[in-house]
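Written out below as structure tokens is the structure these notes cover.
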Amino acid sequence: MIAHLKSATRSNGDEDRAIRATVEEIIAAVETRGDEAVREYSSRFDHWSPERFRLTDDEIAGALKHLSSGQIDDILFAQGQIRNFAQIQRESMLDVEVETYPGVILGHRHIPVDAVGCYVPGGKYPLLASAHMSVITAKVAGVQRVVASAPPFEGSPHPAIVAAMHLAGADEILALGGTQAVAAMAIGTESIPAVDMLVGPGNAYVAEAKRQLFGRVGIDLFAGPTETLIIADDTVDAELCAVDLLGQAEHGPTSPSILLTTSRTLAEATIIEVERQLTILPTAAIASVSWADYGQVIVCDTDDEMLSVANDLAFEHVQVMTDDPDFFLAGLRNFGAMFLGPRTNVAFGDKVIGTNHTLPTKRAARYTGGLWVGKFLKTCTYQRVTTDAASAEIGAYGSRLAHLEHFVGHGEQANIRVRRYGNQPDLPWYQPVNADA
């Protein structure tokens, strides 16, 4: 039996109509007025109107000088972990060429996207980790041109974000935020050449902009507020659960955090401990709203019940702290990223451990995983027929199948090969080969 000791009082529904309308307006303006519109919206929303939005080499070097050697080392360590895992993923994706039928060779190649725009949030928190996740992964995939863009932070480009973008390998760095940044990269302006794909997290306006621009450019995924599900039993304590719930609730006031447990004692103690920690957490102003409106505590009788609930929720982050975490690793099908055991947590994945933190939300984990090297690669097929006999034989099948679909032109593409390579020069133009076969 499933019991809800704490339920959410609100739910994240569809994007607000006002957001959609604002985004439509900005995209249309950038499309018609280019840099002028970008500058207008940057000034309005971010109070930011520099001479140029693209940073020069001197400006990038100046940003790096603001960081200590220890801070640079920390960034490089995190980037090393992310790059290493991305390279392992890339090496797992092999090109294929195989003879599938005598004289018929089929294959595929993994071809990188030409140009990618990476959005890095930075208006509220300077999320330099998002630079690692997007820029490094694109570069490992082989993308030739990577543009990275982040909003100004307190009136200027944030040095740590700029350093992260540069050290990750970005070819161009823009100090530009919001819908205007995403639109500029996707559509192109006088000073910002268009890209082929947009990736990276952002606020509701950025997410809506990516949704509206999808099709004109590719995107990584549709992303909403951060989601965290903790699956726990009495092998862990309330303090650990509360820390991990609130650590993600601080992302924003609409970020759901859920404790799913078989221990009513742990559930009740965690509710009390969350309230205690909210009295001392520096980001409690945000986390408390998120917890009050979207936090949940669910008690189940068995691990099987917890597995069923977790698969239905299809959350972005799933943290498993039970006596048998492998049960959930084997059985959970719908999740963005999983964190197994009390020694790891979502923050490790967000910042440094090596997996990518751009992940599906709003139950999108039912049909997609998160950002990884493969998102930047187009798997393109090819075919080669090497013998006359194979061309004629495949042609005969193709002719008959085209006839079933009433595609006369397709049928003739097959028939001409049967005539030329199958030694049937008298075959009528419009007849399926061996119609009665």
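Hey, what did region 81-223 get for relative contact order, percent, Cα under 8 Å, at least 6 apart? Numbers along the way, then the final one.
Values: 263 pairs, mean separation 32.2, N = 143.
RCO, region 81-223: 23 percent.
Report the FRET efficiency, 1/(1 + (r/R0)^6), for S7 and Q87, where r is their Cβ-Cβ distance and R0 is 35 Å, rounded to 0.05. Walk me through the numbers on the way to the answer.
Values: r = 44 Å, r/R0 = 1.25.
My answer for the efficiency is 0.20.
Out of the total accessible area of region 97-238 (probe 1.4 Å, heavy atoms of protein only), what percent is carbon and sulfur?
On the way: 2460 of 4610 Å².
The nonpolar share, carbon plus sulfur, comes to 53 percent.
Averaged per residue, what accessible area in Å² does the chain show with a 1.4 Å probe, protein chains only? Walk me through the numbers on the way to the answer.
Values: 20930 Å² over 437 residues.
Accessible surface, normalised per residue, equals 48 Å².
Determine, for each peptide in 179-190, 330-341, the mean count of other beta carbons within 10 angstrom over its residues, then list the peptides with the highest first. Could the numbers behind the result be given before it?
Values: 179-190: 24.7, 330-341: 18.2.
Top to bottom by mean Cβ count within 10 Å: 179-190, 330-341.
At 0.890 mPa s and 25 °C, plugging the Kirkwood radius over alpha-carbon pairs of the chain into Stokes-Einstein gives what diffusion coefficient in µm²/s? If you can, show how the numbers build up before the last one.
Numbers: Rh = 24.6 Å.
Reported coefficient: 100 µm²/s.
Round to a whole angstrom and tell me the spacing of the C-alpha centers of region 163-186 and region 347-409.
Region 163-186 and region 347-409 have Cα centres separated by 29 Å.
Using 0.36 nm times the number of residues separating D16 and F327, minus their current alpha carbon distance, what extension gain do you get? Can you show the working numbers first?
On the way: separation 311, 0.36 × 311 = 111.96 nm, distance 3.89 nm.
Separation in residues times 0.36 nm, less the Cα-Cα distance, equals 108.1 nm.
According to the square roots a ≥ b ≥ c of the eigenvalues of the Cα gyration tensor, what is the shape class of region 318-437, taking rounded for a/c under 1.5, prolate for a/b larger than b/c otherwise, and oblate for the remainder? Write out the running numbers ahead of the final one.
Working: a/c = 4.27, a/b = 3.68, b/c = 1.16.
The shape class here is prolate.
When the accessible area of region 26-87 is computed with all protein chains present and a 1.4 Å probe, what percentage of it is carbon and sulfur?
About 49 percent, which is the carbon plus sulfur part of the accessible surface.
How high is the FRET efficiency from H66 to V96, r the C-beta distance, R0 41 Å, rounded to 0.05? Can you show the working numbers first?
Values: r = 47 Å, r/R0 = 1.16.
So the FRET efficiency works out to roughly 0.30.
Per the Cauchy relation, a quarter of the hull surface: what is the mean projected area of the convex hull of the alpha carbons in region 246-287, in nm²? Intermediate results must be reported in sequence, preceding the final value.
Values: hull surface 11.6 nm².
Directional mean of the projected Cα hull area for region 246-287 stands at 2.9 nm².
How big is the dipole moment of the chain about its Cα centre under a simple scheme where the beta carbon of each Lys and Arg is +1, that of each Asp and Glu is -1, and everything else is neutral? Debye, nearest 20, please. The partial results should precede the final answer.
Working: 34 positive and 55 negative charges, 216 e Å.
Result for the chain is approximately 1040 debye, rounded to the nearest 20.
Which net charge results when you count Lys and Arg as +1 and Asp and Glu as -1 among the other residues whose beta-carbon is under 10 Å from that of P151? Show your work: numbers first, answer last.
Details: positive: K124; negative: D46.
That sum, taken over residues with Cβ under 10 Å, equals 0.
Give the carbon-plus-sulfur fraction of the accessible surface of region 387-436 in %, rounded to a whole number; probe 1.4 Å, heavy atoms of protein chains only. Walk me through the numbers before you get to the answer.
Details: 1860 of 3490 Å².
C and S fraction of accessible area: 53 percent.
Kindly provide the GluC sites (Glu not before Pro) of region 9-51 that DSSP labels as loop, not H, G, I, E or B, and whose Cβ sees at most 10 other Cβ atoms within 10 Å.
Details: sites: E15, E24, E25, E31, E36, E40, E51; in loops: E15, E51.
For GluC sites (Glu not before Pro) across region 9-51 that sit outside H, G, I, E and B with at most 10 neighbouring Cβ atoms in 10 Å, the list reads E51.
Along the three principal axes, how long is region 102-217 when you take its alpha carbons, biggest first, rounded to the nearest angstrom?
Reported extents, whole Å, longest axis first: 66, 30, 26.
Restricting the calculation to Cα positions, tell me the Rg (one decimal) and the Dmax (whole number) of region 320-382 in Å.
Reported Rg and Dmax, both Å: 14.0, 49.
How big is region 1-109 on each of its three principal axes, counting only the C-alpha atoms and giving the largest first in Å?
Largest to smallest, the principal-axis extents are 65, 56, 43 Å.
How long is the gain from E24 to Y430 if the chain were fully straight, where each residue apart is worth 0.36 nm and the alpha carbon distance is subtracted?
Working: separation 406, 0.36 × 406 = 146.16 nm, distance 5.05 nm.
Difference between extended and current length: 141.1 nm.
Return the ratio Rg/(2.2 N^0.38 Å) for region 225-370, where Rg is computed over Cα atoms only. Intermediate results must be reported in sequence, preceding the final value.
Values: Rg = 13.9 Å, N = 146, 2.2 N^0.38 = 14.6 Å.
Its radius of gyration relative to the 2.2 N^0.38 Å reference: 0.95.
Can you grab the distance from the C-alpha centre of region 212-268 to the C-alpha centre of region 83-150, Å, no decimals?
Between the Cα centre of region 212-268 and that of region 83-150, the gap is 27 Å.
Enumerate lysine pairs in the chain that are 8 or more residues apart or on different chains, then count those whose Cα atoms are under 18 Å apart. Write out the running numbers ahead of the final one.
Working: K124/K351; K139/K375; K139/K378; K210/K362; K210/K375.
Lysine pair count for the chain: 5.
Output the Cα-based Rg and Dmax of region 104-158 in Å, rounding Rg to one decimal and Dmax to a whole number.
Reported Rg and Dmax, both Å: 15.7, 61.
Please express the shape of region 387-436 as an equivalent ellipsoid: the semi-axes are the square roots of 5 times the eigenvalues of the C-alpha gyration tensor, given largest first in whole angstrom.
Details: eigenvalues 51, 22, 15 Å².
Value: 16, 11, 9 Å, ordered largest first.
The values are calculated or read from the model by the stated rules, or taken from the named source; none is laboratory data. Nothing here was measured: the structure is a model prediction, and the numbers come from that model. Glycine also receives a Cβ, built like all others from the backbone with ideal geometry; neighbour counts cover every protein chain displayed. Each accessible area value is taken on the protein alone, full model and side chains, heavy atoms only, with ligands, DNA and RNA left out. Shrake-Rupley method; radii C 1.70, N 1.55, O 1.52, S 1.80 Å.
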